[in-house]
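Here the structure comes first, spelled out in C-alpha cells, and everything after it is commentary.
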Amino acid sequence: MGSLERDLGQIGGKVRGLVAERLSGSVLDKALERAILAWDQESRDKFIIWETYLMYQFGRGHGGKTGLARKSGLKWIKGWLDEGRTFLRASEYAGLLLDGFNFEDARGVEKIPEGPTYYCMNHPKGLMHGNWYTFAVGYHTAKARGVEHEPRWFHAEWSNEPLIEKTSLRILYTRGAQMMSAACNNLLFTRDRDSVMKVVGEAQNELTGGRSIAMSVEAAESGQFHRVHRGIGRLYMAITGAGNFPVTPVGVWRNKDDLNVRFGEPFYLRDLLGDNISAIFDKGVNQRAADKIGLEIAKQLPAQHRGYYGALTGR
C-alpha cells in the first residue's frame, strides 16, 4: 500500500508539474497576475485570509471536525491581520483547532529535554493539510516544560506545489507565508538567498538563549516518510555550531480520530565531524547527519509510515 501511494503521488506531482509549465507565463496567468496586483494591499490580505481558510476546510480530512474547530480556525487565520497582537501560540490554539480529535496523550513526553533543543519530525497527512502537528507538538512541549519551552518553527515563503510556485498564485502564497510567520513568530526563509544566514543567526540566538526551535524535515505532507535531504543536515550543523545542541526526534501520524505524537531520545551529531570542523561543508557528512535524523524520527513512527527508513530501523 505504501509503494502504491508513493507511486500515485509521484504521478500526480508530474501531472501538476506539466500543467504548471503550460500555465506559467500564459495569457491566462498574466491576466491573473494583473488582477492580483491591481488590488490594494489591504484587499489582497483579506482575500488571502478567506482563501486560506477555505483551503483548509476543503479536501478530504483537511477541515476542522467540529463547529468550534472551524470557527477557531477562522479566528486564528484572521489573527494574521492584527499587527498589534501578541504572537499566536500553537499551544493556546491546539485544543480549539484540534477539537473532536484525540491528541492530548503523547508518548515519550518524559524525554523532552529541559534545555534548548532542535525538534525534527516528519510531515503527516490529515487535518490542515497535515499541519496539525505544529499545534500538537506545541501543546505537548508547553504542557511538559512550560510555554517558554514551546519551540519556534521554521517556515518558507515558497511552495513545493508547482501549480502555485510556477504561476502568479505564488504572489498570494508568498504574502500568506509572510503574514502567518509574522503572527506566529516563525523563522521565515524568504526567496532572497541572503535570508538563509539571517534565519541561521536567529535560530542560533534562540538556542543560545535557552529556547527551542522546530521543523519538519519533509517538504510536504506524506503518509510515507521520505529520505531526508542533506540540506537538513547542513542546516542543523550550521545552526547548532557543529552539533553543540541536541536533536529531539518526533514522530507524528494520524490514525482516524487519533493525532499521534511520540518524542524520542535527544541525541547529538558531533561525532560525525570528529576533529575536523570544516567537515560541516562536506556533502557526505551532511547526508549522514540527515539520515541519522531521519532514522531516529522513523523509529518513533509505526512501521507502515517509516517509508525509506523502514528497512533500516531494525524493528
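The table for this structure:
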{"quantity": "Ser222 long-range amide H proximity, modeled H, under 5 Å", "calculated": "His123, Lys125"}
{"quantity": "Using alpha-carbon coordinates, inclination of helix 41-57 to the longest axis of the chain, degrees", "calculated": "60"}
{"quantity": "The chain: relative contact order as a whole-number percent, Cα under 8 Å and 6+ apart", "calculated": "21"}
{"quantity": "Sorted by Cβ density within 10 Å, fewest first, the residues Trp80, Trp158", "calculated": "Trp158, Trp80"}
{"quantity": "Anchor Lys299: lysines whose Cα lies under 27 Å away (excluding residues fewer than 8 positions away in-chain)", "calculated": "Lys111, Lys125, Lys143, Lys256, Lys283"}
{"quantity": "Ranked Arg262, Arg306, Arg211, criterion: other C-beta atoms within 10 Å, fewest first", "calculated": "Arg211, Arg262, Arg306"}
{"quantity": "Cα principal axis extents for the stretch 2-312, largest first, Å", "calculated": "57, 43, 41"}
{"quantity": "Relative compactness, the stretch 154-202, computed as alpha-carbon Rg over 2.2 N^0.38 Å", "calculated": "1.14"}
{"quantity": "The stretch 216-315: radius of gyration and largest Cα-Cα distance (Dmax), Å", "calculated": "14.0, 48"}
{"quantity": "In sequence order, calculated HN-Hα J values of the stretch 124-134 (Karplus, 6.51, -1.76, 1.60; Hz; x Gly/Pro)", "calculated": "x, 8, x, 3, 6, 6, x, 7, 4, 5, 5"}
{"quantity": "For the stretch 182-234 and the stretch 86-118, distance of Cα centres in Å", "calculated": "19"}
{"quantity": "Three-way shape label, the stretch 24-105, alpha-carbon gyration tensor, a/c 1.5", "calculated": "oblate"}
{"quantity": "Helix-only CD estimate at 222 nm, as mean residue ellipticity for the chain, using -39500 (n - 2.57) per DSSP H run (n ≥ 4)", "calculated": "-14500 deg cm²/dmol"}
{"quantity": "Gyration tensor (alpha-carbon) shape descriptor, the stretch 100-172, a/c threshold 1.5", "calculated": "prolate"}
{"quantity": "Dipole magnitude of the stretch 2-312 about its Cα centre (Cβ charges: Lys, Arg +1; Asp, Glu -1), debye to nearest 20", "calculated": "580"}
{"quantity": "Karplus-derived 3J(HN,Hα), 6.51/-1.76/1.60, for each residue of the stretch 164-170, Hz, glycine and proline x", "calculated": "8, 5, 9, 10, 5, 4, 4"}
{"quantity": "Lysines whose Cα lies under 19 Å from that of Lys30, excluding same-chain neighbours fewer than 8 positions away", "calculated": "Lys166"}
{"quantity": "Whole-Hz ³J(HN,Hα) from phi, Karplus 6.51 cos²θ - 1.76 cosθ + 1.60, for the stretch 190-198, glycine and proline x", "calculated": "9, 6, 6, 4, 5, 5, 4, 5, 5"}
{"quantity": "Set of aspartates and glutamates near Lys78 by C-alpha distance (under 14 Å), chain-local residues within fewer than 8 positions excluded", "calculated": "Glu42, Asp45, Glu51"}
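Values quoted throughout were computed directly from the atomic coordinates according to the rules given, and no laboratory measurement underlies them. Remember, predicted model here, so these are calculated numbers, not experimental data. Every residue, glycine as well, gets a Cβ built from its backbone with ideal geometry; the counts of neighbours run over all protein chains shown.
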